[in-house]
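The values are calculated or read from the model by the stated rules, or taken from the named source; none is laboratory data. Keep in mind that what you see is a predicted model, and the values were worked out from it rather than measured. Cβ atoms come from the backbone with ideal geometry, glycine included; neighbour counts cover every protein chain shown. These area figures cover heavy atoms from the full protein model, side chains too; ligands, DNA and RNA do not enter into them. Shrake-Rupley method; radii C 1.70, N 1.55, O 1.52, S 1.80 Å.
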Amino acid sequence: MAAMGRASAVAALVCVIMALLYSRLEHAGALAYAKTLSQLANAAKQQGDLARAITLTEEALGVRRRALGNGAAVAMDLNNLAVLHQARGQLDKAADLFHEALDTWKRALGSRHAAVAVALNNLGELHRNQGQLDKAFPLLVEALAIRKNALGGEHPDVALSMNNVGGLHQARGELDKAAALHQEALAMRRRVLGNDHMDVAQSLNNLGGVLRLQREFSQALALHTEALGIARRKGELAEVARSLDNMAEATAAQGQHAQAKPMFEEALAVRELLAGDGGGAHPDVAASVGNLARVHDALAEYDDAERLYVRAIELWRRALGPTHAQVAAGLHNLAGMYHAKGDYGKAAPLYDEAADVWRSTLGADHRNVAAARNNAAGVLQKLRRYDEAAPRYLEAIEIGERTLGSDDLDVATWRNNLATLLREQGKYDSAAQLFAQALVTIHGKLGDNHPDVAALLNNLAALYQAQGKASDAKAFGEQAVGVAERALGWDHEVTRRYREQWAAS
């Protein structure tokens, strides 16, 4: 009986050992399966198939959760899933997932771990892309501080955070601060990674982007050209296309649209090659098609521009869904083309459609919504549909005052635009009040010698002329001429027009 008891005990022990081995094998198999799912998701993302990438990442997340519980590896899946939803324009879902990843990493690793900075950084970038700069700033700054503390002063991730905080300063219009951070990130990447690394190319492109905004076009072009050289040597076609786009933007910004066109065309060809199947429905292909459309638009090649804008919008809809912010941007650009060629009847509904899409994606109080409503009002004003134009101008101003502040330059421009409409309607007192408000802001922000100041002075002169106040009209008209001469030159077409307008008054 004792022997039988010992045999039973041994058999039971063997069963336990076999169960543990089976469990470990099952556990290892589950993690291997999750790894394969993640790899497939990344491949689908590279191909632009974001819907499939989301499905595969969700499955990988479920497998890891069952195998590991809510640990650091699960936080990375949550983060990756958030990135995919963000790319599809599903920003609320992305924000929820980034917050969940952040909380999971904090519980698993502590609040000052470098992994926590990943979620802080990504959540900050999400808010920046939504135009919520006040929400983004503390998150990105905290991510940078954590990385400096956890990784030391010379680390690629520290440079990445510097790059992102620099991008935030750029979005806030703080270009000197942005340039300084991008320069520091570039120098660090050169020291840590060498001069021929793709992160160096990224920094070159980012710093070049700031310099373009500062109108330092030759310096920007040199940086983008260096980035292109790195990308070509490394065979990184995506960065080749980005650098070509940036070179083209720097060239087009100087009015050299014909020279920019072949750069945009090459970028499009590269992105179509990367996407396969003639470009499919990849968002990067759509972006290049849209860039090429803008060049044709600037060259007044409207048939080609229209065809390309329509194609870009369709690609964005297929790749990202009908309510993505990029779809709105495409609609807005197409409307702008119709506006430029004087086809106001086609432009107005497209501006309104763009505003509706941006409202659903970015929120009702976003700057883009206000800009689209202002532009819709402008074309309706051209059509003398004043009762439809006025409320759109008012909506733009109200959004701007809530979001940007009452002394923002765009808000001042929208006040000026509404004032011109009221002047055309003979509502002179209301128009004068708005012109005066706009002038205070624009003069305060831009100084005595700016074309926009001249334009506002000219608008006020025209208002006084319409009221029969000849002396006031002449005084403001002469001020407009003087500012235009200093800002644009004595023989500029705008200066000549103002001079001719008021010489006979």
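Distance between the C-alpha centres of segment 355-424 and segment 133-173: 34 Å, rounded to the whole angstrom.
At a probe radius of 1.4 angstrom, the accessible area of segment 119-186 per residue rounds to 40 square angstrom.
If the Kirkwood radius is taken over C-alpha pairs of segment 259-311, then at 10 °C and 1.306 mPa s the Stokes-Einstein diffusion coefficient equals 145 µm²/s.
Work out the P(r) tail for the chain: percent of alpha carbon pairs separated by more than 41 Å, whole number. When every Cα pair of the chain is considered, 32 percent fall beyond 41 Å. Working from the pairwise distances between different alpha carbons, so that the mean of 1/r is found and then inverted, what is segment 114-236's Kirkwood radius in Å? By the Kirkwood definition, the hydrodynamic radius is 14.5 Å. Taking Rh as the Kirkwood radius, which is the inverse of the mean 1/r over Cα pairs, what is the Rg/Rh value for segment 396-488? Rounded to two decimals, Rg/Rh equals 0.98. Rounded to the nearest 500, the 222 nm mean residue ellipticity of the chain from helices alone is -28500 deg cm²/dmol, with -39,500 (n - 2.57) taken per DSSP H run of at least 4 residues. The distance between label points at ARG318 and ALA470 comes to 6.6 nm (points 7 Å beyond Cα on the Cα→Cβ vector). Once both labels are positioned 7 Å from their Cα atoms along Cα-to-Cβ, the gap between HIS197 and GLU424 label points is 5.6 nm.
If R0 equals 56 Å, the separation of the Cβ atoms of GLN219 and HIS99 corresponds to a calculated FRET efficiency of about 0.90. Mind checking the dipole of segment 313-365: about its Cα centre, +1 per Lys or Arg Cβ, -1 per Asp or Glu Cβ, Debye to the nearest 20? For this selection, approximately 160 debye.
Sorted largest first, the principal axis extents computed over the alpha-carbon atoms of segment 181-301 equal 44, 34, 19 Å.
Percent of C-alpha pairs per 5 Å bin in segment 423-465, short distances first: 6, 25, 32, 20, 12, 5, 0. Ligands, DNA and RNA left out, the accessible area of the chain computed with a 1.4 Å probe is 52% carbon and sulfur. Of the residues MET198, LEU244, THR403, the one whose Cα sits farthest towards the positive end of the charge dipole of the chain is MET198 (charges of +1 on Lys and Arg Cβ, -1 on Asp and Glu Cβ, taken about the Cα centre).
If a spin label sat at a point 7 angstrom from the Cα of ASP176 along the line to its beta carbon, no backbone N atom of segment 205-220 would be nearer than 11 Å.
Calculated on the Cα set of segment 299-405, radius of gyration then Dmax: 13.8, 39 Å. Between ALA145 and ARG384, the simple label model (points 7 Å from Cα in the Cβ direction) yields a spacing of 6.1 nm.
Only one residue of ALA178, ASN374, LEU456 has its Cα farthest out toward the positive end of the dipole of the chain, where Lys and Arg carry +1 and Asp and Glu -1 on Cβ, and that residue is ALA178. Partners of LYS261 within straight-line reach, counting lysines whose Cα lies under 24 Å from its Cα and excluding those fewer than 8 residues away in the same chain: LYS341.
Considering only HIS224, SER288, LEU274, and ranking their Cα positions along the charge dipole of the chain that arises from unit charges at the beta-carbon of Lys, Arg, Asp and Glu, the one farthest toward the positive end is LEU274.
Shape summary: segment 318-378 maps onto an equivalent ellipsoid whose semi-axes, from the alpha-carbon gyration tensor, are 19, 13, 7 Å in decreasing order. Only the Cβ atoms of Lys and Arg (+1) and of Asp and Glu (-1) were treated as charged; on that basis the dipole of the chain about its Cα centre amounts to roughly 1140 debye.
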